[in-house]
Amino acid sequence: MKTIEDLDVAGKRVFVRADLNVPLSGAAITDDGRIRAVAPTIAKLVQAGAKVIVASHLGRPKGEPDPQFSLAPVAVRLGEILGRPVAFATDTVGESAKATVAALADGEVTLLENLRFNAGETAKDDAERGAFADALAELADLYVGDGFGAVHRKHASVYDLPARLPHAVGDLIATEVAVLKRLTEDVARPYVVVLGGSKVSDKVGVIDNLLGKADRIVIGGGMVFTFLKALGHEVGNSLLQEDQIPVVLEYLERAKANGVEFVLPVDAAVSGSFPDLKTKAPVEDFAVVAADAIPAGTLGLDIGPRSAELFAEKLADAATVFWNGPMGVFEHPAFAEGTKAVAQALLDSDAFTVVGGGDSAAAVRILGFDETKFGHISTGGGASLEYLEGKSLPGLTALEG
């Protein structure tokens, strides 16, 4: 794949497909990690005298403008991070976009409105998607793909647009791919994978592929209760995917046959109801119980303290660690301890540590950890997982051409 250094960008209109899909509370950005991650690529293009057109999706609008998913607050924050004004186009390929791009001088930046306000961005129909890509291509001379969190999507700005313009990868995608190769090719061992989050079904593919690659797989989060149920344990009202029990049993058998150690929690933090994440009100019926003795009528919401110690022990000797998914409902203080323990264990380790995007990356920032102390924090949870599953990612395929 070509890099920015392979392009002559001075005086050219450079379309940067970024991933600025940040969480919002009203118009307030609650985590600007993805904006900060792509800012160096944009700054490099600015320094080289490009006219930079940044584009991204945000949320899941239904192919038409929706004010709650506007990128306007992102334009303001991007400008603050870059230390220069960022013009904002109020549409994607309409009059505002055309006028805003036409007004750009060398070294200036504009951000287009949410790409998903146009149905062509996510269309299944190749012709509809291609028509939108054609309209986007008219705005630019060159294309730089740097939205790693979107490369697993066959969308117009990710997959079709690079075929229409000379293209290269941005520094963020180049780094992400280099890191993922360290997790899949010539891996330093022991290689420990920590998986959490809510659903087993979200991680089926990556577990399947890693059973032949990892030395140890540590399971936490809501997905663990399907494992516990598969082993015949009571899980109360905890999150459970009954249809995944046969899959889980197969994985446990394969892990044993392949010499891969599966590590499950030995205790859990439970409550009779889901906590209030807005008020963070204290949980009156908080309790820690054995993982094989979760009382009926209770919800498992975090791994317990003995599990946190166990997981830390299983990470201590690792040479490579990939972590995707929190250990519990980290947004509430009562159920954040397991996720904190795993994050701290990664920091205490001498391993090359990769935090696999999504909720894990958000947890690291929200819980106050220093991002720079981890080997790498990915900007694309879904993209990272699909890469580790061995899938071909459309956005990377397009950039290789």
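We did not get these values from a lab; they are worked out from the coordinates using the rules stated. It should be emphasised that the depicted structure is a prediction, and the values quoted were computed from it without experimental measurement. Cβ: placed from backbone, ideal geometry, glycine included. Neighbour counts: every protein chain shown.
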Check: in the stretch 212-339 the Lys pairs 8 or more apart or on separate chains whose Cα atoms fall under 23 Å apart number 5
Answer label, with P(r) over Cα pairs in 10 Å bins from 0, in percent calculated from the coordinates and candidates (i) 4, 18, 25, 23, 16, 9, 4, 1, 0; (ii) 5, 22, 29, 23, 15, 5, 0; (iii) 5, 22, 32, 28, 12, 1, 0: (ii)
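Can you sort 231, 82 by how many other beta carbons sit within 10 Å, fewest first?
Neighbour counts put them in this order, fewest first: 231, 82.
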About its Cα centre, how strong a charge dipole does the stretch 235-328 have in debye, to the nearest 20, once Lys and Arg get +1 and Asp and Glu get -1 at the Cβ? 180 debye
Between residue 279 and residue 10, what is the label-to-label distance in nm when each label sits 7 Å out along the Cα-to-Cβ direction? 6.3 nm
Cβ-Cβ FRET estimate between residue 189 and residue 234, R0 fixed at 41 Å, reported to 0.05: 0.70
Among 23, 194, 264, the residue whose Cα sits farthest towards the positive end of the charge dipole of the chain (+1 at Cβ of Lys and Arg, -1 at Cβ of Asp and Glu, taken about the Cα centre) is 23
Rounded to 10°, Cα long-axis angle of helix 171-184 versus longest principal axis of the chain: 30 degrees
Using only DSSP helix segments of four residues or longer, with each worth -39500 (n - 2.57), what per-residue ellipticity at 222 nm results for the chain after dividing by its residue count and rounding to 500? -10000 deg cm²/dmol
Say R0 is 25 Å: what FRET efficiency, to the nearest 0.05, do residue 182 and residue 366 get from their beta-carbon distance? 0.45
Ranked from fewest to most other Cβ atoms within 10 Å of their own Cβ, 187, 235 fall in the order 187, 235
Identify all lysines with a Cα-Cα distance to residue 51 below 22 Å; exclude those on the same chain that are fewer than 8 residues away in sequence. 2, 12, 98
Taking alpha-carbon centroids only, the stretch 118-194 lies from the stretch 207-230 a number of Å equal to 29 Å
Summed over the other residues with a beta carbon less than 10 angstrom from that of residue 107, with K and R at +1 and D and E at -1, the charge totals 0
Pull up the DSSP beta bridges for the chain and report the antiparallel fraction as a percent, rounded to 5. 20 percent
Net dipole in debye of the chain [+1 Lys, Arg Cβ; -1 Asp, Glu Cβ; about Cα centre; nearest 20]: 400 debye
So for R0 = 51 Å, FRET eff. of residue 296-residue 98 from the Cβ-Cβ r, to 0.05, ends up at 0.25
Can you give me the angle between helix 126-137 and the longest principal axis of the chain, using Cα atoms only, in degrees from 0 to 90, rounded to the nearest 10? 60 degrees
Exposure proxy check on 247, 101: fewest-to-most Cβ neighbours within 10 Å is 247, 101
To the nearest 20 debye, the stretch 57-200 has a Cα-centred charge dipole, built from +1 on Lys and Arg Cβ and -1 on Asp and Glu Cβ, of 720 debye
Quick check: the angle from helix 245-258's long axis to the longest principal axis of the chain, C-alpha only, nearest 10 degrees? 80 degrees
Checked against a 24 Å limit on the C-alpha separation, the offending pairs among 62/181; 181/373; 44/203 are 62/181; 44/203
GNM, the chain, Cα, under 10 Å: largest mean-square fluctuation among 224, 54, 263? 263
Using +1 at the C-beta of Lys and Arg and -1 at the C-beta of Asp and Glu, which of 150, 111, 139 has the Cα lying farthest in the positive direction of the dipole of the stretch 100-152? 150
